[in-house]
Every structure is written in structure tokens, then in C-alpha cells.
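Working notes for the structure below.
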Amino acid sequence: MAIVVLTVLGTPAGASAVPGSADPAFAGALRDWLADDEAAALPALATLAQAENRAAQLLLALIDKTPSLQGPFLALSPRNDRIALLRAPGGLSGQSWLRHATDLPLAAAWSALWAVSAGTGLIERFATLGEARAAREALVVLAARETPALQALDPGQVDPDLLYLLWGFADPDRRAAIAALVPPGDAQRQLMGDTVSAQTLDQWLANASAAAPLNSLCRAVCPGADREPPCRAAAYRALNSHNALLTLGTPAETLVPQDIFLDSPRGRAATMRRILLSRPIRGRRALLSWVQGQSACLGEALGAENRRYHPARPGQSPGN
């Protein structure tokens, strides 16, 4: 039912529709992708991108740059097929479709972020375009690059879920001012030198909008008041990155609103894939064993998702 709502939700405040997003062929391919049917969706999107559909070009470019958005059909395809599905022709490995969409403000913003010279103005740029998740990712990326300009950002104008990133660049006085803006039970206090109890953390996971990816996943794979809390806690610890949690979600809110994406089969698969990618392949067996001991239903779901990326042996169906 959630996917059907796409036709009436429109775009976020401050955003404008991406050219090509109203094309029935794109809408159909997007529905297939959200239903986790890559085999149907990606060839259709590639055909549309070749025909200069900007929405298809944008979506493929963001899938190409985001490993957690790449499902098993794509992962198990030969390299040349992956390139043909995700990229524009050109060179040995193709080119990002963003190069063909320079007239699209959102595509230009993403291209600017991936350049090492990106500045803090990109955070507001994404926000103005209605891309809250992308704005968070911009701040995370700039913090990882230790961008000096972050020291001058006004904490009162920054996403309150990301204040811990500014705290890390601050002197003692500024740290105290930033910490005063963070509620006592907020999970980011763990990254600011404080201790957060398991009970307090679960309350935050249950109620914070920043934890929506884990809540959506656990409602689906571990429904019930007794099973969702241990699922949330195990998923958060298994993800092993507060930065990752804050940047999980839709590739572009102007194409798929965050809540619709997170509640879709592809959205939940992307969350699980990101958890699995938090460990190298050799460490995933131990990860799955640990999760199974904390939340059996989440462990089973992660195990099934992990198996989807294993090529089938002769006489065996994929994922077995």
C-alpha cells in the first residue's frame, strides 16, 4: 500500500519535481525498484536514462554511488552488465549519469559534494532543495574530511541530530555550548563523552526520527512489543556507526519520500545491507551469530539477506 501513495505525496517543501519523474514508465520502474525487483526496475531505468530522463539518471547515479542500495541482482551481475545498467557510456568503466544532468540542481549538488573542495554551503543547498537526508550526509562527509569551516557553523542552525559532529571540532567552551543543546537522553551524547544507559538508548531508538530506519526494519521482521526493543538495540549495535544511521534512507526525497522508502522492501533491504557491510566478509559470521543471540528474528532476517548475495551452486536456488 505504501508504494501506491507515491502518486499523491508530491515533493518535499522547497523542492521542485525532477524532470521525468511524472513519466509513467519511470513511475513503474520506481515501483518495481521499491518492491525490490531489480531485474525489472534497473533495465527499465537504464533505458529511460539513455532517453534523457533526468529522474532515471539521478536515481541510477545515486544507486551507483551507494553500496547499500545495490541489491543481489546487481551485485551478482557481471561487471560489464552492472556498468551498462548504472552508468552512461564512456571510457572503460562508463560515466556517472550526473555528468549528463548538470542542468538539474540536485545532480549538481551531489557532484559538488563528491569533489574534495566541497564547502559547508552544500548543507543548506541540499536543505533548500528539500533533501534533508542528503543535507545530513553532506555534514557527515565534510566532518570526515575535517573541513575547517565546520568550526564556524552556528550550532543553532545545524540539524540537532548532528551536533556531535560540531562538538568534535570545538574547543572546551564551544563544546559546552553545543552539549547544552543536546537533550540528556539523546544517543549522540555517547559520542560526546557521556554514558547513555541501555534503557535510555532504547527510549531514544523507539522515539527519535533519526532511528526511523531501524524502527521500520524491526516492525517488519520482529513485530510485537516484546520483540521490537531487542531488535532495535541489536540493529543499532550491529550497524556500529551513528553516522551511518543518520544517513540511511532514500536516495532522493524528491523522488521517494523518506518514510515511503524506509517502509518499502528495498528500503528495509538497504538497511540490512548497510548493517552487513559494517563488517568485512570474514567477520559477518560472527556478527550474525551475535545478532542471533540478541534478537533471533533480526538474526534470521539478516542471515537471509546475507545469503541473497551468495551465488547459487549448481542445482541450488539463489540464496540457499
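The values are calculated or read from the model by the stated rules, or taken from the named source; none is laboratory data. Small disclaimer: the values here were computed from a predicted structure and weren't measured. FYI the Cβ positions are ideal-geometry reconstructions off the backbone, even for glycines, and counts take in every protein chain you see.
A few remarks follow.
- Subset of the range 53-109 [within 21 Å of the chain's Cα centre (by Cα) and acidic (Asp, Glu)]: Asp64
- Applying the condition of being part of a helix (DSSP H, G or I) and small (Gly, Ala, Ser) to the range 82-122 and asking which residue is nearest to Pro148 (Cα to Cα) yields Gly121.
- Subset tally (residues that are outside any helix (DSSP H, G or I) and surrounded by fewer than 20 Cβ atoms within 10 Å (Cβ to Cβ)) for the range 38-69: 3
Yes/no matrix, rows are residues, columns are (1) modelled with pLDDT of 95 or more; (2) within 22 Å of Asp263 (Cβ to Cβ):
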site	(1), (2)
Ala22	yes, no
Ile63	yes, yes
Ile83	yes, no
Arg87	yes, no
Leu92	no, no
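- Residue match in the range 305-312 (condition: modelled with pLDDT of 95 or more, assigned to a helix (DSSP H, G or I) and over 16 Å from Ala75 (Cα atoms)): no
- Looking only at the range 86-103, and only at residues there that are crowded, with 20+ Cβ neighbours inside 10 Å and touching a Leu at 6+ places or on another chain (Cβ under 8 Å), the one that is farthest from Gln70 (Cα to Cα): Ala101
- Helices (runs of 4 or more DSSP H) wholly inside the range 242-297 containing at least 3 residues that are out of contact with any Lys or Arg (no Cβ under 8 Å at 6 or more places or on another chain) and at pLDDT below 95: none
- Count - residues of the range 217-232 that are crowded, with 21+ Cβ neighbours inside 10 Å and assigned to a helix (DSSP H, G or I): 6
- Within the range 141-164, residues that are more than 20 Å from Thr247 (Cα to Cα) have Cβ atoms under 6 Å from residues that are aromatic (Phe, Trp, Tyr) and not in a helix (DSSP H, G or I) in these pairs: Gln151/Phe169, counting only partners at least 6 apart in sequence or on another chain.
- Candidates Pro280, Pro251, filtered to the one that is without any contact (Cβ under 8 Å) to a residue 12 or more places away in the chain and closer than 25 Å to Arg145 by Cβ: Pro280
- Selection status of Ser295, crowded, with 19+ Cβ neighbours inside 10 Å and touching a helix residue (DSSP H, G or I) at 6+ places or on another chain (Cβ under 7 Å): yes
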